[in-house]
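What follows is a short report on a single structure.
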Amino acid sequence: MNKYLSISQEVQQALEQGKPVVALESTIISHGMPYPQNVETALRVEQTIRDNGAVPATIAIIGGMLKAGCTPQEIEYLGRKGQDVTKASRRDLPVLIARGEDGATTVTTTMIIAAMAGINVFATGGIGGVHRGAETTMDISADLEELAQTPVMVICAGAKSILDLGLTLEYLETKGVPVIGFGTDELPAFYTRHSGFKVDYRIDTPQELAAAFRAQRDMGLAGGMLVTNPIPEQYSMPADVINTAIDKAIDEANRKGIHGKQTTPFLLAKVKELTGGESLDANIQLVLNNARLAALTATELAR
Ligand code: PSU
Ligand code: MN
């Protein structure tokens, strides 16, 4: 075990006893939602995981330690600091750790730390992917490479159309990452249930998700699995409202020359601003929905 990993007592005990554990990311707390809704949501997500029989492990970097299992105080700290916390992807780990700094973990780093701790299911909202215009900017999220190499099942609500969803699927295909639709043949697009793109496989039960993940492990295949779980119908947003906001946000990002790791947080904040509270509500509901499915799937895997 590496000396930088710090697993909370509760998570450690659950892992030793073979109980289900679900990892959660912290960039969604610091960069994904405003304070105090970010902290409220993070705590509600943890409660939802408990209500469905699993132990939550919110993952973050605090004082140079890779944390698997944050306390409510640590969640409050990250939520309050917001964008002042370093958004930490794979390339950020060496220097942050050497300096003893804090970092909010993206899908990439949450997968890395979950795998180090022995956690195999991770629930979040949306993942990063191939950005629109990536043919020239080469802006492709490290999340896709991580899915290709780290053995964690990531349960999300698809990807936002701030990304090029078609190219994101192509990239995942090249990298050998299975893309599963939970109860759907179609890739969900985060705020909406429909994208027009097909997933590789439709799976309807946590049992079958667990079986597919187990088969991947048993064969010794590298990499994880992407489960896309559509936002519940009653919380989904009208496609035209959300797409208009996304187009405007991308326009503004281009005009302002936003690039690199700022792109995703900028677009997310802009979309939120343009759609008011409605998109925040939808965001919260879809994360809770993913937490539920992750807890049920982790429970199946722990059998
Ligand atoms: N997409 C969302 N919400 C998010 C993110 C992406 O809809 O909160 C965050 C996740 O932490 C994801 C990261 O891993 O942004 C991807 O950033 P980038 O595109 O810079 O790789
Ligand atoms: Mn990027």
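The values are calculated or read from the model by the stated rules, or taken from the named source; none is laboratory data. What you see is a predicted model, and the numbers here were worked out from it, not measured in a lab. No Cβ is skipped: glycine too gets one built from the backbone with ideal geometry, and neighbour counts run over all protein chains shown. Just the protein is used for accessible areas: all its heavy atoms, side chains included, with ligands, DNA and RNA removed. Shrake-Rupley method; radii C 1.70, N 1.55, O 1.52, S 1.80 Å.
Roll a 1.4 angstrom probe over the protein heavy atoms and tell me the percent of accessible area of segment 43-197 that is carbon or sulfur. Show your work: numbers first, answer last.
Numbers: 2920 of 5750 Å².
Looking at segment 43-197 in its full context, I get 51 percent from C and S.
Quotient of the Cα radius of gyration of segment 149-206 and 2.2 N^0.38 Å, N being its number of residues: 1.07.
Work through the residues other than Leu43 whose Cβ is under 12 Å from its Cβ and net out their charges, Lys, Arg +1 and Asp, Glu -1.
Charge balance in the 12 Å sphere: -2.
What order, most packed first, do the peptides 101-112, 5-16, 261-272 have when packing is the mean number of other Cβ atoms within 10 Å of each residue?
101-112, 261-272, 5-16
Among Val199, Val152, Val95, the largest mean-square fluctuation in a Gaussian network model of the chain (Cα springs under 10 Å) belongs to Val95. In the chain, the DSSP-assigned H stretches of four residues or longer account for a calculated mean residue ellipticity at 222 nm of -15000 deg cm²/dmol, using -39500 (n - 2.57) per stretch and the full residue count as denominator.
With contacts defined as alpha carbon pairs under 8 Å and 6 or more residues apart, what's the relative contact order of segment 139-209 in percent? Worked out over segment 139-209, it gives 28 percent. Which of the three applies to segment 164-260, rounded, prolate or oblate, going by the alpha-carbon gyration tensor with a ≥ b ≥ c and a/c under 1.5 meaning rounded? In terms of gyration-tensor shape, oblate. Here each label is just a point 7 Å from Cα along the line to Cβ, and for Gln83 and Leu5 those points are 3.4 nm apart.
State the Kirkwood hydrodynamic radius of the chain in Å, one decimal place, computed from all pairs of distinct Cα atoms. One over the average 1/r among Cα pairs gives 18.9 Å for the chain. For segment 208-261, the equivalent ellipsoid derived from the Cα gyration tensor has semi-axes of 36, 21, 5 Å, listed largest first.
Can you bin segment 1-149 into rounded, prolate or oblate? Criterion: square roots of the alpha carbon gyration tensor eigenvalues sorted a ≥ b ≥ c, rounded for a/c under 1.5, prolate for a/b above b/c, oblate for the rest.
It is rounded, given that a/c, with a ≥ b ≥ c, falls under 1.5.
You can think of it this way: the chain between Asp204 and Gln262 has 17.3 nm of extra reach, that is 0.36 nm per residue less the Cα-Cα gap. Projected onto planes of every orientation and averaged, the convex hull of the alpha-carbon atoms in segment 235-303 covers 5.9 nm². Ratio of Rg to Rh for segment 87-238: 0.97 [Cα atoms; Kirkwood radius as inverse mean 1/r over pairs].
Surface analysis of the chain yields an accessible area of 43 Å² per residue, using protein heavy atoms and a 1.4 Å probe. Close amide H contacts of Thr58 (hydrogens built in the peptide plane, cut-off under 5 Å, sequence separation of 5 or more or a different chain): Leu24, Gly69, Cys70. In the chain, Cα pairs under 8 Å separated by at least six residues give a relative contact order of 20 percent. What percent antiparallel are the DSSP beta bridges of segment 1-155, to the nearest 5? Counting DSSP beta bridges with both partners in segment 1-155, the antiparallel share is about 30 percent. Starting from the Kirkwood radius over alpha-carbon pairs of segment 66-161, derive D by Stokes-Einstein at 20 °C in a medium of 1.002 mPa s and give it in µm² s⁻¹. The diffusion coefficient I find is 148 µm²/s.
Highest first, please rank the peptides 286-297, 46-57 by the mean number of other Cβ atoms sitting within 10 Å of their residues. Write out the running numbers ahead of the final one.
Working: 286-297: 24.5, 46-57: 20.2.
Put in order of decreasing packing, that is 286-297, 46-57.
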